[in-house]
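Note sheet for the following structure.
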Amino acid sequence: MVLAVHELAANAVCHGGGAGRLRIWNLAGALYCQVDDGALPKDSPAAVNSLPCERGHGLWVVQRLADEMQALSGPSGTSILIRFDRGAARHSG
């Protein structure tokens, strides 16, 4: 989890204007981490999971480590939410 969160935070700082926001919470047996690099209004047009991945393998690593990853990218920034299931058998994918 630390590696995945670090990668998302590094991406927010390097590609999102030098700052970001990290939120972590526990809900229904899972640990959620969300990293935002800008304000994403709820009515903003955005594309889900449309992040370019040509420069490196960081997001691929995050996808492999987390049980679920959702990305929302729009004109105002990017928000990525990852989930780690706690106590359940880890995926092998």
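Each reported figure results from applying straightforward, stated rules to the coordinates on display, with no laboratory input. Fair warning: this is a prediction, and the values are worked out from it, not measured in the lab. Cβ sites come from the backbone with ideal geometry, for glycine too, and all protein chains shown count toward neighbours.
Starting at the first residue of the range 68-74, write each ³J(HN,Hα) from the Karplus equation 6.51 cos²θ - 1.76 cosθ + 1.60 with θ = phi - 60°, in whole Hz, x for Gly and Pro. 3J(HN,Hα) across the range 68-74, in whole Hz: 7, 9, 10, 10, 10, 10, x. Neighbours of L31, meaning other residues whose beta-carbon lies under 9 angstrom from its beta-carbon, give a summed charge of +1 when Lys and Arg score +1 and Asp and Glu score -1. For the pair W60 and D85, a Förster radius of 22 Å applied to the C-beta separation gives a FRET efficiency near 0.65, rounded to the nearest 0.05. Compute the signed sum of charges (Lys and Arg +1, Asp and Glu -1) over the other residues within less than 12 Å, Cβ to Cβ, of R21. Net charge around R21: -1.
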